[in-house]
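Just so it is clear, none of the values below were taken in a lab; they were calculated from the coordinates. This is a predicted model, so every value here is computed, not measured. Neighbour counts run over all protein chains shown; Cβ positions are idealised from the backbone, glycine included.
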Amino acid sequence: MAHNEAVDVVLVGAGIMSATLAVLLKELDPAIKLEVVELMDSGAAESSNPWNNAGTGHAGLCELNYTPQAADGTVDIKKAVHINTQFEVSKQFWSYLTKKGTFGSCKTFISPVPHLSFVQGDSGVSFLKERFKVLSKHHAFADMEYTEDKATMAQWMPLMMPGRNAGETLAATRVINGTDVNFGALTNQLLKHLTSAPDAQVKYCKRVTSLKRSNGGWTVSIKDVNSGNTREVDAKFVFLGAGGAALPLLQASGIEESKGFGGFPISGQWLRCDNPEVVKHHQAKVYSQAAVGSPPMSVPHLDTRVVDGKTSLLFGPYAGFTTKFLKHGSFMDLPLSVRAGNIGPMLAVAKNNMDLTKYLVSEVMQSMEQRLESLRRFYPEAKAEDWRLEVAGQRVQIIKKDPKKGGILQFGTELVAAKDGSLAALLGASPGASVTVSIMLELIEKCFPNKAKSEWAGKLAEIFPAREKVLESDAALYRKINAQNNVALELVEASSETESYA
Ligand SMILES: Cc1cc2nc3c(=O)[nH]c(=O)nc-3n(C[C@H](O)[C@H](O)[C@H](O)COP(=O)(O)OP(=O)(O)OC[C@H]3O[C@@H](n4cnc5c(N)ncnc54)[C@H](O)[C@@H]3O)c2cc1C
């Protein structure tokens, strides 16, 4: 075995999370020595690959599950507002990099695509109306439009209106300046930018197999997947950005904070259409409501996707159950993750979520014709020959201890960090890639608290002139930052007003 090498930071996995953190750390400390270790032969080979996720720049503009309705009819917009401002933080980082000139074009990874919500039936319409009433009063959603008029809907969603029953009750909202993001292109652009700096390497076809404590940091064992050779690298800080596979690595670290976590893998499938005659009639991401009993990540949506300069449509996702933690993972992933510390929460979740299990099984058993029926709720005249089924990425939802229920299933993301700040892991999947930058800023504040407050504070303020909290409450500042970001990322043309902000 080779003699241990030493770096400041090892990042496991070359997805959007590690790529973002690595570039951010290099901006804050150009002398930092870091290594990204990836088991596949390229970056963004799992969830960050553009065909493994929906590419929605989640900003709360169209996702109806971000604005739950209480029994008395009131709609809670807190989550939508928070995700919206987190996305503005991501946009600030991408704008900063784009303005540097050496990062490359933003057009490769972000495209303007309107975000719409679409509902059917009386209860759907009353929910959307109330949601619009509350949301449009907030400065982040001031541009939202609402309609129950079918002629307007035919302009907004020309593919979705023909073939409908004239008496159908429908409503929609639209925000013009939504986005489609190719997170795979972004990841690879970040990794390319990273390795143009000294002391930053990305090693492909290498699997992190174990971690052990050493000298206040970690010794990371890395196996070459082709030769089988193993080397060890000493790192002061380790980030487990291994997507669905972060859980077993977190367990392998043995840190106290890892105890009690389990994973619930959910697979996904899409219907994809590349026929230009169909694609040209739909330029939007249209989200609707999830079926009763289904998990929040299965809200159906019909999306324009812009990948490598080509436009396609994606519909889904159709959820499914698997025991793999990665699309390229092993069926043993789930059974091997069972520990004395998480078996209680895992059994409690299995017992208390029978509806979810039934839903996932029914989704897996669907025929192509049944899948097309779901699509026809959106696009009544859809023809089978235009659509093909594709496998989406894996999501490993978090199972954690709960004092009352024994264990709960959590649909968001959670950053788990060692008390001494020497290791952090990202668990969970949603809202995911769109809010990567906020999550990585949270990691920096948790694991590098002193540096974040002192030597890195100036650079952080330069890159991020306005963070989430202030954007939530300061309307004028929000408008200024949003306008600057939209111009820098070429989402809108610069007007004299936005130029004066720049
Ligand atoms: C169906 C679906 C739809 C989604 N839609 C959206 C969306 O519309 N908008 C949005 O913002 N987010 C979306 N997401 C979430 C988003 O895709 C993820 O949050 C994000 O891509 C996660 O990035 P990551 O870097 O953590 O993980 P990944 O991109 O999965 O990267 C992890 C990497 O770690 C590597 N790895 C694993 N184990 C090891 C090991 N032991 N050693 C070395 N390397 C290892 C893997 O090979 C992989 O390359 C969606 C996800 C799914 C599954």
Value at 222 nm in deg cm²/dmol, rounded to 500, when DSSP H runs of n ≥ 4 in the chain each add -39,500 (n - 2.57): -10000 deg cm²/dmol
Charge dipole (debye, nearest 20) of the range 130-190; +1 at Cβ of Lys and Arg, -1 at Cβ of Asp and Glu: 80
Antiparallel bridges, percent of DSSP beta bridges restricted to the chain (to nearest 5): 75
Positive-pole candidate from His115, Gly60, Val238, dipole of the chain, charges at beta carbon: Val238
Theoretical FRET efficiency, 1/(1+(r/R0)^6), r = Cβ-Cβ of Ala461 and Glu256, R0 35 Å, to 0.05: 0.55
Amide H contacts of Gly15 (H built 1.01 Å from N, under 5 Å, at least 5 apart or other chain): Ala44
C-alpha long axis of helix 343-352 to longest principal axis of the chain, angle in °: 10
Charge dipole (the range 262-410, unit charges on Cβ, about Cα centre) - positive-most of Trp270, Pro380, Thr311: Trp270
The range 345-502 shape via C-alpha gyration tensor axes, a/c threshold 1.5: oblate
Sorted by Cβ density within 10 Å, fewest first, the residues Lys78, Lys236: Lys78, Lys236
Crossing angle, helix 436-447 versus the chain [Cα axis fit, 0-90 degrees, rounded to tens]: 30
Cα→Cβ-extended label distance, 7 Å offset, between Thr195 and Ala291, nm: 4.4
Per-residue HN-Hα couplings for the range 133-146 [Karplus 6.51, -1.76, 1.60; θ = phi - 60°; Hz; x = Gly/Pro]: 4, 6, 5, 5, 7, 8, 4, 6, 10, 4, 8, 5, 10, 10
Pairwise centroid distance, computed over Cα atoms, of the range 318-390 with the range 95-119, Å: 31
Approximate spin-label separation Gln155-Asn4, in nm, with each point projected 7 Å along Cα-to-Cβ: 6.7
Gain on full stretching of the segment that runs from Asp41 to Asn450 - 0.36 nm per residue minus C-alpha separation: 143.6 nm
Gain in span if fully extended, Thr74 to Tyr204, counting 0.36 nm per residue against the direct Cα distance: 41.8 nm
Mean Cα-pair separation over length for the chain, i.e. relative contact order, pairs under 8 Å, 6 or more apart, %: 22
Order of Ser227, Ser42 under a 10 Å beta carbon neighbour criterion, fewest first: Ser227, Ser42
Where labels lie 7 Å past Cα in the beta-carbon direction, separation of Arg339 and Glu493 in nm: 5.7
Ranked by how many other beta carbons lie within 10 Å on average, peptides 431-437, 192-198, 48-54 from highest: 431-437, 48-54, 192-198
Straight-distance crosslink candidates among lysines, where the alpha carbon sits under 25 Å from Lys223 and sequence neighbours closer than 8 are dropped: Lys33, Lys192, Lys203, Lys206, Lys212, Lys236, Lys324, Lys327
Where the Cα pairs of the chain fall when distances are cut into 10 Å bins, in %: 4, 19, 29, 27, 16, 4, 1, 0
Student exercise, the chain dipole from Lys, Arg, Asp, Glu Cβ charges, in Debye to nearest 20: 920
Exposure proxy ranking, count of Cβ atoms within 10 Å, fewest first, for Thr179, Thr152: Thr152, Thr179
Charged-residue dipole, Cβ positions (Lys, Arg, Asp, Glu), the range 210-365 about Cα centre, Debye nearest 20: 160
